[in-house]
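The values are calculated or read from the model by the stated rules, or taken from the named source; none is laboratory data. These numbers come from a predicted model, not from an experiment. Heads up, the Cβs are rebuilt from the backbone with ideal geometry, glycines too, and the neighbour counts pull from every protein chain shown. Ligands, DNA and RNA are stripped out before the accessible areas are found, and what is left, the full protein with its side chains, is counted by its heavy atoms. Shrake-Rupley method; radii C 1.70, N 1.55, O 1.52, S 1.80 Å.
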Amino acid sequence: LQITGLLVALAAAGWLFAVVCFRERTVRVPVVTGLMLALLALQILQMVGLPASIVRAVNPLAAEVVEKCRDLLAGQGIDDGGGVLATMSLSLSPAETRASLFLLVAYGAVFLVMANTIRHWHQMRQVATVMVVSGFLMAALAMAHKFSGSRAMFWFHELQYGGDSFGPFSNRNHYAAHVNML
């Protein structure tokens, strides 16, 4: 997942470089991009440390969880040392919110590049063809894996928490959702 995000970031940086170097290209920023930026700002707001009074007012559950954790650590004689529980945030898990922020940035970059590079229907047809072919190849590999009887993902990766893998997914329902999106 991190490699995919890195590749998307490099591709988006290459596209931005091309836009800067070739001034005749215009950049279209659809309304949806503005909404994505608002969502990005909301996600950043959830991660940053805020005063306890604001967190209690906006997300009382997050404030309660942090306070109980502080009490539990203090009861055990453990000093957090200004670490994880030193500040409060609106998110119950700022680290996971940060990980999903990187995904949102990658998705936004893909959307922005596609919105500015796909100009004709034949280009959209090419993108759709790539998606269908990749989905077909993934389905063929997933079925070959399933019919082989192996419980390990791709025949070699043992799932840490068990599950019923199908293709590159550790949960077959996630595969089904992916196929529906394709």
Relative contact order as a percentage, segment 66-182, C-alpha pairs under 8 Å and 6+ apart, gives 14
Looks like the chain, by Cα gyration tensor root eigenvalues a ≥ b ≥ c and the a/c under 1.5 rounded cutoff (else prolate when a/b is bigger than b/c, oblate otherwise), is oblate
Order these peptides, 121-133, 60-72, by their mean beta-carbon neighbour count within 10 angstrom, highest first. 60-72, 121-133
Using a/c under 1.5 as the rounded threshold, could you call segment 32-83 rounded, prolate or oblate? The axes a ≥ b ≥ c are square roots of the C-alpha gyration tensor eigenvalues, and prolate needs a/b larger than b/c, oblate otherwise. prolate
Once the whole set of protein chains is in place, how much accessible area is left on residue 169, using a 1.4 Å probe, in Å² to the nearest 10? 50
Using only helices, what value at 222 nm comes out for the chain when you add -39,500 (n - 2.57) per DSSP H run of length 4 or more and divide by the total residues, to the nearest 500 deg cm²/dmol? -22500 deg cm²/dmol
Under 5 Å, built H, 5+ apart or other chain: amide partners of residue 88: 50
Over the alpha carbons of segment 11-60, what is the largest minus smallest coordinate on each principal axis, giving the biggest first in Å? 51, 20, 15
What is the dipole size for the chain, taken about its Cα centre, with +1 at each Lys and Arg Cβ and -1 at each Asp and Glu Cβ, in debye to the nearest 20? 820
With a length cut of 27 Å (Cα positions projected on each helix's long axis) and a Kyte-Doolittle mean of at least -1.0, go through the chain and give me the DSSP H helices that pass. 2-21, 94-117, 121-148
Alpha carbon convex hull of segment 83-127, projected area averaged over orientations, nm²: 4.4
Relative packing of peptides 101-107, 158-164 - highest average C-beta neighbours within 10 Å first: 101-107, 158-164
Charge dipole of the chain about the Cα centre (unit charges at C-beta), most positive-ward option of 142, 61, 130: 130
Read phi for every residue in segment 150-157 and hand back ³J(HN,Hα) as whole Hz from Karplus 6.51 cos²θ - 1.76 cosθ + 1.60, θ = phi - 60°, with x for Gly and Pro. 6, 8, 7, 5, 6, 6, 9, 9
10 Å-binned pair-distance histogram of segment 110-174 (Cα, whole percent): 20, 35, 21, 20, 4
Using 1/(1 + (r/R0)^6) with R0 = 25 angstrom and r between the beta carbons of residue 128 and residue 28, what's the FRET efficiency to the nearest 0.05? 0.80
